[in-house]
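K.L.:
Can you read through this structure? Questions will come right after.
The values are calculated or read from the model by the stated rules, or taken from the named source; none is laboratory data. Everything quoted here is computed from the prediction, not taken from an experiment. Quick reminder, even Gly has a Cβ in these numbers, built from the backbone with ideal geometry, and neighbours come from all protein chains shown. Side chains are part of the model used for accessible areas, which takes the heavy atoms of the whole protein and leaves out ligands, DNA and RNA. Shrake-Rupley method; radii C 1.70, N 1.55, O 1.52, S 1.80 Å.
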Amino acid sequence: MGKNLILVIDDEKISLEITSGALVDAGYNVIKSVNPEEGIEQAVNLNPGLIILDWYMPNMDGLQVLNSLKKIKKTKEIPVIMATGIRTESEDLKHALDAGAVDFIRKPIDEIELLARVRSALSLVDYYQKNREHLKTIHKQEKQIIEQQTEVYQKELEFKKHELVNSALQIVQLMDYTSEMVSKLKKFNLNTDENIPEELSSTIAQFHPDSLKQRWCEFEKQFEEVHTDFYKNLITDFPDLSSHERKLCVYFRMDMENKDIAALTFSTYEAVRKAKQRLKVKLRLTSNDNLTEFLNRY
């Protein structure tokens with residue numbers, strides 16, 4: 001948009017020459033049009049910095065021209081000053097301003113008033129453009145900050161997911177180790193006197209399955225940090241799930257193998273397989289539905 005390029009649309013040639021002459025003398029470049037349709041075309045092709053538009057014209061009045069300009073993408077932001085010698089009532093001027101005009105000037109044109117209103121309109125537009133550019137810069141900076149924060153969050157989330165998988169594997173390994181250790185300790189216990197040492201009893205108790213509840217709580221806390229509101233959303237849809245079934249949902253949500261789940265739940269592979277089928281029924285899934293994919297929605 002050429003700031004010093006002004007389009008004047010007026011079907012009265014004398015008024016057109018007076019207006020354009022005053023603007024040229026003030027240092028502005030002027031395009032003249034006595035035809036409203038031609039004026040719209042010039043506005044689209046030349047993209048002036050300001051349009052001075054006569055209101056009363058035959059075939060297509062100024063308000064119709066203004067409405068047309070505001071509907072065209074290339075011209076809707078161009079400021080328009082309405083010039084009128086007939087439509088001078090406050091209600092008429094309000095219509096023009098509501099339609100998108102930035103100002104008005106009464107005819108016959110007074111050169112001093114004309115130049116004052118032109119400078120005012122161009123200054124106002126310049127102010128809005130500068131502020132719009134400033135807002136664009138701020139928006140761009142905010143977008144960059146959000147993108148950086150998102151990247152940091154994604155990295156943290158990936159790290160937590162990695163920790164979660166490691167925790168699950170550690171629990172599985174601990175279960176294998178615990179099971180083997182308890183078996184050995186019980187055999188050893190059978191071959192000792194009735195008065196078994198206190199240390200041995202303590203060791204057996206330490207590896208009892210109940211002692212793993214704390215590890216599960218820690219694991220569950222990590223899981224909820226990664227998969228926020230998983231339990232809340234799941235229970236909202238399926239409130240009748242038991243505590244054991246909710247745990248199974250966590251394991252299947254992580255796509256764990258049946259054998260690993262069996263170790264964690266002190267069950268057999270077959271028991272886990274059957275529990276999985278029962279869980280799918282409770283979640284209203286068919287035997288062919290993928291349980292992990294379904295739980296990933298939560």
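K.L.:
Across the range 48-81, what is the total count of residues that are surrounded by fewer than 16 Cβ atoms within 10 Å (Cβ to Cβ), part of a loop (DSSP other than H, G, I, E, B) and at pLDDT 90 or above?
P.N.:
Residues in the range 48-81 being surrounded by fewer than 16 Cβ atoms within 10 Å (Cβ to Cβ), part of a loop (DSSP other than H, G, I, E, B) and at pLDDT 90 or above: 4 in total.
So that you can scan it fast, the table gives a plain yes or no per residue for (1) among the hydroxyl-bearing types (S, T, Y); (2) at pLDDT 85 or above; (3) in a helix (DSSP H, G or I):
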residue: K213; (1), (2), (3): no, no, yes
residue: W216; (1), (2), (3): no, no, yes
residue: D255; (1), (2), (3): no, no, no
residue: F266; (1), (2), (3): no, no, no
residue: R278; (1), (2), (3): no, yes, yes
residue: L285; (1), (2), (3): no, yes, no
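K.L.:
Here is a list of conditions, (1) surrounded by 15 or more Cβ atoms within 10 Å (Cβ to Cβ); (2) touching a residue at least 24 places away in the same chain (Cβ under 8 Å); (3) more than 30 Å from Y153 (Cβ to Cβ), and D240 meets all of them except one; can you say which number that is?
P.N.:
D240 satisfies all of (1) surrounded by 15 or more Cβ atoms within 10 Å (Cβ to Cβ); (2) touching a residue at least 24 places away in the same chain (Cβ under 8 Å); (3) more than 30 Å from Y153 (Cβ to Cβ) except (1).
K.L.:
Could you look through the range 112-130, keep only residues that are of a type in the set (A, V, I, L, M, F, W, C) and touching a residue at least 24 places away in the same chain (Cβ under 8 Å), and pick out the one that is most open to solvent (accessible area, probe 1.4 Å)?
P.N.:
So, considering only residues that are of a type in the set (A, V, I, L, M, F, W, C) and touching a residue at least 24 places away in the same chain (Cβ under 8 Å), the one most open to solvent (accessible area, probe 1.4 Å) is L124.
K.L.:
Go through (1) within 15 Å of A121 (Cα to Cα); (2) open to solvent by less than 40 Å² (accessible area, probe 1.4 Å); (3) β-branched (V, I, T) and name the single condition V102 misses.
P.N.:
The failed condition is (2).
K.L.:
Of the conditions (1) open to solvent by less than 20 Å² (accessible area, probe 1.4 Å); (2) modelled with pLDDT under 85, L291 satisfies every one except a single condition; which number is it?
P.N.:
Evaluating L291 over (1) open to solvent by less than 20 Å² (accessible area, probe 1.4 Å); (2) modelled with pLDDT under 85 leaves (2) as the failure.
K.L.:
Show the residue pairs meeting these rules: Cβ distance below 9 Å; 6+ apart or different chains; first residue within the range 248-269 and closer than 19 Å to K282 by Cα and basic (K, R); second residue at pLDDT 80 or above and not in a helix (DSSP H, G or I).
P.N.:
Cβ pairs passing all conditions: R253/N296; R253/Y298.
K.L.:
It is to be established whether one or more residues within the range 135-152 are modelled with pLDDT of 80 or more, within 30 Å of D25 (Cα to Cα) and open to solvent by 30 Å² or more (accessible area, probe 1.4 Å).
P.N.:
No, the conditions are met nowhere in the range 135-152.
K.L.:
What pairs come out if I take residues in the range 19-38 that are closer than 20 Å to N59 by Cβ and pair them with residues that are assigned to a loop (DSSP other than H, G, I, E, B) and open to solvent by 50 Å² or more (accessible area, probe 1.4 Å) whose C-beta lies under 6 Å away, six or more apart or interchain?
P.N.:
Sorted first by the residue in the range 19-38, then by its partner, the pairs are V34/D11.
K.L.:
When only residues in the range 1-47 that are acidic (D, E) and open to solvent by less than 80 Å² (accessible area, probe 1.4 Å) count, which is modelled with the lowest pLDDT?
P.N.:
Top of the filtered list is D11.
K.L.:
When the range 82-106 is examined, which residues are found to be in contact with a Lys or Arg (Cβ under 9 Å, 6 or more places away or on another chain), part of a loop (DSSP other than H, G, I, E, B) and among the small types (G, A, S)?
P.N.:
If the condition is that a residue be in contact with a Lys or Arg (Cβ under 9 Å, 6 or more places away or on another chain), part of a loop (DSSP other than H, G, I, E, B) and among the small types (G, A, S), then G85, G100 are the ones that fit.
K.L.:
Might you let me know whether the range 24-36 holds any residue that is farther than 21 Å from E113 by Cα and assigned to a helix (DSSP H, G or I)?
P.N.:
Narrowing the range 24-36 to residues farther than 21 Å from E113 by Cα: 33-36.
Restricting the remaining residues to those that are assigned to a helix (DSSP H, G or I) gives 36.
Yes; the residues of the range 24-36 include at least one that is farther than 21 Å from E113 by Cα and assigned to a helix (DSSP H, G or I).
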